[in-house]
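Trainee: Quick one: this structure, given as structure tokens, is what I'll be asking you about.
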Amino acid sequence: MSRKAKLGIVSIFFTWIFVCMVFVGVVEAQAVKERLDVEVASSETEIIESTYTDRYRNRRFRIENGENEIIATVWGSNGDENWEYWTSETIAPEKTDSIVLGVNHFWYVKLTGRTTGLPTETSIVDASLIYHLPD
């Protein structure tokens with residue numbers, strides 16, 4: 001085997017190791033908070049509780065709705081108090097939707113929801129928050 005071929009194989013091997021190390025580092029920095037079978041009613045119901053996140057990275061809520069239409073609302077805060085409205089999304093029955101909370105000034109985020117129909121209607125919701133831990 002020629003010297004060029006050996007150097008090529010070695011460089012491919014070290015490049016592969018470097019790529020794997022970068023991938024593992026990126027994956028480890030993420031965290032996931034999940035809540036299953038949350039009963040959402042006509043009054044505002046907390047789906048994902050207050051979570052301390054890295055405000056310099058995207059945060060992504062994934063909501064799997066149950067049998068009745070809901071309005072999912074994302075809130076932000078800097079002191080886990082005084083919640084400010086960020087955005088909301090209407091999610092049809094038996095549908096899944098995502099809300100991406102981009103880079104902003106909020107350290108804490110939470111997700112609430114309420115049904116849009118009759119006061120007696122409820123919907124069972126599964127939700128998750130994918131975020132990065134602050135440095």
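Every residue, every condition in (1) surrounded by 12 or more Cβ atoms within 10 Å (Cβ to Cβ); (2) in contact (Cβ under 8 Å) with a residue 40 or more places away in the chain; (3) within 24 Å of Asp37 (Cα to Cα), yes or no:
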residue: Asn78; (1), (2), (3): yes, no, no
residue: Leu118; (1), (2), (3): no, yes, yes
residue: Ser123; (1), (2), (3): yes, yes, yes
residue: Ser128; (1), (2), (3): yes, yes, yes
residue: Pro134; (1), (2), (3): no, yes, no
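Trainee: So, one more: In the list Ile48, Ile63, Ile71, which residue meets the criterion of being at pLDDT 95 or above and surrounded by fewer than 20 Cβ atoms within 10 Å (Cβ to Cβ)?
Mentor: Result: Ile71 is the single residue among Ile48, Ile63, Ile71 that is at pLDDT 95 or above and surrounded by fewer than 20 Cβ atoms within 10 Å (Cβ to Cβ).
The values are calculated or read from the model by the stated rules, or taken from the named source; none is laboratory data. Here the structure is a predicted model, which means the values were calculated and not measured. Glycine gets a Cβ as well: all are built from the backbone with ideal geometry, and neighbour counts include every protein chain shown.
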